[in-house]
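Q: What follows is a structure written as structure tokens; I'll ask about it next.
What follows draws every value from the coordinates through simple rules; no lab data is involved. None of the values given here were measured: they were computed from a predicted structure. All Cβ positions, glycine included, derive from the backbone under ideal geometry; neighbour counts span all protein chains shown.
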Amino acid sequence: MASIQRLSNEILKEILDHIASDPQKSIAVDRREYLSVESFRPPSPPLPSQAHDIGSFRLSCRRFAELGIPYQFTRVTLRFSSRGFRRLDDICSNGHLAKHTRKFSYLVPLFYSDSRPQVWDYIRSIKSSHDPYANDYFHLSDATELRGKEQDQAKILRAKDDIRILKKAMKAFTMLQHVQILRLENEADRRLINFLMTRPNRGQPGQPPVDLRWSPACYHATKTLTEALVDAKSPFSRFSGPMMSPPSLLAVQRKLPQALPSLAPGLTCLELHFEDEGNLSRHILEMSDAFKSVFAPAKNLQAVHVGFPSRAPLDLRLEDVFHNIKWEKLRAFGIQAWHLNAAEVINLARRHSKTLRGLRLRDVLLKEGSRWRDILFMLRGEMEQLDWVSLRRVDYSNHFEEVSASSMEVPDEPPASASDSDDEDGFPGHLNNLDIDPESEGEGSDENSNADTDHGPDADEFALSPDTPTSMPFCTCSRSSYLGNADDLGDNGKHVTYQQRKMWEKWVCGRCIEHSC
């Protein structure tokens, strides 16, 4: 012990950098992996050995305790539970800890407190009914666990502990940069959801026996966190909501009409991905004015992503959401799952042609009469700063509908929800047991064009036949004088293959599609 204490703080910090990722490390907003990883990957708990090592290091002596604080409290993750709020209260009661927090992730479970009937009674009833399917889904421990969660949620809501402690925390986090709301599920939740999906006729006609909608939880979490951020005049500049409920966000805007617009001027990055809770296009159209009230004053935005489920593309005009707004500092822009005309994409890109360095058009489907080649030629010829473009699963609307109608299910990306684990004590010792998200963004990122593929565990398997040769017959680099034109892109106006998409991504950015240079 004496020998390690003789090491300088600089050397000790280098050792800690190897144990836990550098807490100051961040991905630039115009990098391709930013929208994929930084905001939409659920926070992962530290590896057991990493958590133990950092905790043990801090418990060794006062000097080590201070050195280890940034590695432990840069990222704070809160679960909606009495235990979680107690830990958050402890953290924000100690200014020397809270001042290091840069990212706050709020993990929100489904709300059971307003269920009909109570979850405990429902599971007991189906277990006692000798339903042969029930034993396949539920264990006796599930009823006990869900009952405890139900009672805990009711206690928090009744006492308003969440809003009280959230306000205290947001005031204490004076260096906060990134705020994230995530949906939280565990195995008991998933078993109950799956059971209700397979046995939908239980309960009263016209309604499920247990209310497991995400929207009440999303509404309450968004409303209380928004109130806390406004009350604290928080300096945060990035917000991520990868599983937002459209009705919930609209309800928050109506309840707090000035709150969201008041936070907008400070935003540099905004990532929103909406769930389909039925009538998605109608709900988003109802939110049109709310989008404008946030986007118009958000003059400092550098990165924007608005997405929808791959299986339920939005069928609204692009400007119903973006209102012809031009962001002077925009560097990365992404949309996902949208039926659009080519002119809509072209017009938005042109507004930002002098600043945009990254463009993500995932699951964008062009309507009849539009062609991808028109978009591609505009991007290649007019986008002065464009470094990368993502065309993952782009296609034509008619082909998408044909495939969907043939009873082939179109799965979504894996939901960006966190798994609820019993192992919440990430670090040993007093005030050391709050889950902190390690710097995991570098792993599995799609920072190069080949990483953003249609294959792998998070791909939508659309089973398209690869009718385009993998080797294209021309080259646009200095080794060839052949520059190509619209007809050489292989766009037939009917459907797009994986090989075409990858070739187009390289071609748009001026790279050789054959040599990748």
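Q: Across 10 Å bins from 0, what is the distribution of all Cα-Cα pair distances for the range 323-372, in whole percents?
A: Reading upward from the zero bin: 24, 55, 21, 0.
Q: Can you give the extra length, in nm with one decimal, that the chain gains between Lys299 and Arg62 once fully stretched, where that is 0.36 nm per residue apart less the Cα-Cα distance?
A: Details: separation 237, 0.36 × 237 = 85.32 nm, distance 4.45 nm.
Extending this stretch completely gives an extra 80.9 nm.
Q: So which chymotrypsin sites (Phe, Trp or Tyr not before Pro) in the range 257-349 pass both tests, a DSSP loop state and at most 13 other Cβ atoms within 10 Å of the Cβ?
A: Working: sites: Phe274, Phe291, Phe295, Phe322, Trp327, Phe333, Trp338; in loops: Trp327.
Hits after loop and neighbour filter: nothing returned.
Q: Report the full-extension gain for the segment Asp289 to Lys233: residue separation times 0.36 nm, less the Cα-Cα distance, to one decimal in nm.
A: Details: separation 56, 0.36 × 56 = 20.16 nm, distance 2.41 nm.
Result for the pair: 17.7 nm of gain on full extension.
Q: Now a separate question. Using r as the Cβ-Cβ distance of Glu187 and Asp89, and R0 as 35 Å, what FRET efficiency do you calculate, to the nearest 0.05?
A: Working: r = 28 Å, r/R0 = 0.80.
Taking R0 as 35 Å, the efficiency between Glu187 and Asp89 is 0.80.
Q: Related question: Can you give the Rg to Rh ratio of the range 213-345, both from alpha-carbon atoms, with Rh computed by the Kirkwood formula? Each step should come with its number before you reach the end.
A: Details: Rg = 14.1 Å, Rh = 15.1 Å.
Rounded to two decimals, Rg/Rh equals 0.94.
Q: Right, here's the next one. Using a Förster distance of 35 angstrom, determine the FRET efficiency expected from the C-beta separation of Ile15 and Ala159, and round it to 0.05. Write down the numbers at each step before the final one.
A: Numbers: r = 43 Å, r/R0 = 1.23.
So, using R0 = 35 Å, E works out to roughly 0.20.
Q: Next up: With a ≥ b ≥ c the root eigenvalues of the C-alpha gyration tensor of the range 243-282, is it rounded (a/c under 1.5), prolate (a/b larger than b/c) or oblate?
A: Values: a/c = 3.27, a/b = 1.49, b/c = 2.20.
Here the range 243-282 falls in the oblate category.
Q: Same structure again: Please compute the modelled spin-label separation between Lys171 and Arg282, points set 7 Å along Cα→Cβ, answer in nm with one decimal.
A: About 4.3 nm, to one decimal.
Q: Strictly over 24 Å apart at the Cα level, which of Lys167/Lys326; Lys103/Lys506; Lys99/Lys167; Lys160/Lys233; Lys167/Lys292; Lys255/Lys326 would you flag in this model?
A: Values: Lys167/Lys326 33 Å; Lys103/Lys506 34 Å; Lys99/Lys167 15 Å; Lys160/Lys233 21 Å; Lys167/Lys292 27 Å; Lys255/Lys326 28 Å.
Pairs exceeding 24 Å: Lys167/Lys326; Lys103/Lys506; Lys167/Lys292; Lys255/Lys326.
Q: Loop only per DSSP, at most 16 neighbouring Cβ atoms within 10 Å: give me the GluC sites (Glu not before Pro) in the range 217-326, ordered by residue number.
A: Glu277
Q: A follow-up question, please. Net charge near Glu344, counting Lys/Arg +1 and Asp/Glu -1 over other residues with Cβ under 9 Å of its Cβ?
A: Numbers: positive: Arg317; negative: Glu319.
Net of charged neighbours comes to 0.
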